[in-house]
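The values are calculated or read from the model by the stated rules, or taken from the named source; none is laboratory data. Not measured: the values here are computed from a predicted model. With ideal geometry, Cβ positions are generated from the backbone for all residues, glycine too; neighbour counts draw on all protein chains shown. These accessible areas exclude ligands, DNA and RNA; they are computed on the full protein's heavy atoms, side chains included. Shrake-Rupley method; radii C 1.70, N 1.55, O 1.52, S 1.80 Å.
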Amino acid sequence: MAPAAGMLMEVRRLLDEGAFRASRAQRFCTGAADCCRFRLTGETPHVTLGEAWVAWKAWRASGRTRLELPPDGSCPFLSGQGRCMIYEGRPLACRTHFCVPAGGALPRREVIDLIHALEDIDAALGGDGAARLPEAVERLSRKGPADGRKRRR
Ligand code: SF4
């Protein structure tokens, strides 16, 4: 079942706070999207369950239903034009873990309170800790189109 609206609102607030701290620290995405090609970097963002829900809701809000994992190992939310299709719902790692040309990742200590708060929400939602972004959202997409509930027959 989808989390309560208030809980998702809190997740979004934490994500926005992460983006704010990144911009305050002069981290600005250059839009190259190399970090969205996980096989290229060898790194995949991990998300808590609350973040996965926010990403899934952003995907649904864009009018899309199915989520397919690209065979080239890129993020499933990366468009063919190299844009993030869930920009407003992207997870904390995408907002704080910048590539070297964009200023580098924010030190973990600067967002540790946000990480802990997201972990607390994960536990409250019955999650079992952070998981790889593509698989975490794909799991939600398999449960149902709108909010993770099963589709009526
Ligand atoms: S969610 Fe968006 S910013 Fe993050 S890896 Fe995927 S496409 Fe890139």
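I'd like to know how the stretch 5-143 sits against the 2.2 N^0.38 Å rule of thumb: what's its Cα Rg over that expected value?
Details: Rg = 14.1 Å, N = 139, 2.2 N^0.38 = 14.3 Å.
Normalised Cα radius of gyration, the stretch 5-143: 0.99.
Computed with a 1.4 Å probe over protein heavy atoms only, the accessible area of His97 comes to about 100 Å². For the stretch 27-153, carbon and sulfur atoms together expose 50% of the accessible surface, with a 1.4 angstrom probe and every protein chain in place. Taking Lys and Arg as +1 and Asp and Glu as -1, the other residues whose beta-carbon sits under 12 Å from that of Leu14 total -4. Amide H to amide H distances under 5 Å link Ala2 with Arg149, where only residues 5 or more positions off or on other chains count and H is placed in the peptide plane. Give, as a single signed number, the net charge of other residues whose beta carbon lies under 15 Å from the beta carbon of Gly31, with Lys and Arg counted +1 and Asp and Glu -1. Local charge sum for Gly31: +4. Centroid-to-centroid, using Cα positions, the stretch 81-135 and the stretch 5-41 are 6 Å apart.
Dividing the mean sequence gap of close Cα pairs (under 8 Å, 6+ apart) by how many residues the stretch 5-143 holds gives a relative contact order of 39 percent. Rolling a 1.4 Å probe over the heavy atoms of the protein chains gives the chain an accessible area of 59 Å² per residue.
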